[in-house]
Amino acid sequence: MTIGTILCVDDQAEVRRLLGDVFRARGSNVVSFDNGEDAIRWLETNEADLTILDLDLGPNRRSGIEICKAIRGKLPDLPIIILTGHGTIDDAVMAVKAGAVDFITKDPYLEDKLEISVEKVERILQHAIDKRRLEAENRELRATNERLRKAAGRRWQIVGESQAMRTVMTKIERVAPVPRPVLVLGPRGTGKELVARAIHTLSPRASEPYITINCAAVAESLLESELFGHEEGAFTGATKQKEGKFELADGGTLFLDEIGNMSLEFQAKILRVLEYQRFERVAGSESIQVNVRVIAATNADLKQAMNDGKFRADLYDRLSFEVINLPPLKSRMEDVPVLAAHFLAKFRQDVAGITVKEISAGALDRFASYDYPGNVRELKNIVERAAYMCTGEVLSEADVDAALPPEAATAAPSSGLAFADDARRPLDERVDAFERWLCQDALERARFKQKEAAALLGITYDQFRQRYRKYGLGKD
């Protein structure tokens, strides 16, 4: 991109002429002043895309650093480059702290240095344009999510716009009216119980009982009593007859979570109930007939368990009239902004006094930078923790960093300033470091699609590939 208007402030006429020649040759409009006060007044009624300030603006005048601070206070997003004829490391540090994106020494190579620095500023400005575009897209995404939440969420309470989740929702709608078992597979925290409840809600059994049990949370010695019930005196402590989950779910749906944890012997009992819809209570002799639809779920690899002889193939066949596979969150990261907005809205409803009303683009970027081994459940917890700790109305990148686990707290700098902090490093090293970050940042924004990353940076695919190899970019 070409920078539109450049404001140059230097008390030396020959430097102003040089700057004007350099930038007009690049197609920019140049406005020059010999003192900072006139430049500040000009900025009150005009706009610039870049300001170049001399460090020493002459006796009895405010320095370039002071002018930089004054401009920064009114226009925090305006990039500023500071020039000096005899700068020191301390001057460079002060310039960066004042808000300058670069600090350049006037010498015979000034024109080349300016060229490199302005190219860096152009990338910063393009990055800012992309950020504003993403913020607009995020606002539209939140509005779209709200419409989807009102339309589909009332039925499912399952949030997601990725192709993987659309496939899941299609299967839910198709299988819900069919009175047959369903097997829901997926890693922990992906929402298996939400799928089971959605199937029940969309089925003709919606007004009948919906009963759940986590098979992994109950000792097998007690699991039979929990599922089938027991008679009085069946074992020590059985002081009265108890109905089991199958009886309680009669006419409705029974959700068996973590069915992969059952022993082979107990799997045979479950298979019998599925086949005949009959069972006896523990220590009972009466055969009890029920009409129960079973939905089973597990995060175990059942096919591997069958190969290992730990899960019955006939039980798998009986349960798998329909199999719904829930993907891990890291494979559908496009759903993270929608999920984050959903969880924030829900948290605001559930908890009084939460001040956060929206999520910033930077915060969404940080949400999207983590792999979520705990999947959707972990994202929900992080969103709620970040909203709880935030004291403003907009959730920021820093709020998300504070809520993420320590291993995820590797926030990238948000501008080129971090690469200018150490003025002892040669300029080419600082430029390389900043360029590497820009490319890696664009790559992550583009979900590691190199052509899209190149488009974000405004360079060709071949140019991006050269930098990809030069800096060793990719997933860490």
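The values are calculated or read from the model by the stated rules, or taken from the named source; none is laboratory data. Predicted model only: the values in this text are computed from it and were never measured. So basically every Cβ, Gly included, is an ideal-geometry build from the backbone, and we count neighbours across all protein chains shown.
Mind checking which residues of region 15-39 are among the aliphatic types (A, V, I, L, M) and either without any contact (Cβ under 8 Å) to a residue 24 or more places away in the chain or assigned to a helix (DSSP H, G or I) (or both)?
15, 18, 19, 22, 25, 39
Inside region 41-65, can you point out the residues that are at positive phi and either of a type in the set (Gly, Ala, Ser) or in contact (Cβ under 8 Å) with a residue 12 or more places away in the chain (or both)?
Once the filter is applied, which keeps residues that are at positive phi and either of a type in the set (Gly, Ala, Ser) or in contact (Cβ under 8 Å) with a residue 12 or more places away in the chain (or both), region 41-65 yields only 58.
I'm trying to understand the selection: among the residues of region 217-255, which are touching a Pro at 6+ places or on another chain (Cβ under 9 Å) and either outside the structural domain of residue 277 (by TED's automatic domain parsing) or of a type outside the set (A, V, I, L, M) (or both)?
250, 251, 252, 253
If residue 399 meets every condition in (1) surrounded by fewer than 22 Cβ atoms within 10 Å (Cβ to Cβ); (2) among the charged types (D, E, K, R); (3) closer than 29 Å to residue 446 by Cα apart from one, which number is that one?
(1)
Run residue 285 past the list (1) closer than 19 Å to residue 164 by Cα; (2) surrounded by fewer than 21 Cβ atoms within 10 Å (Cβ to Cβ); (3) at pLDDT below 95 and report the number of the one that doesn't hold.
(1)
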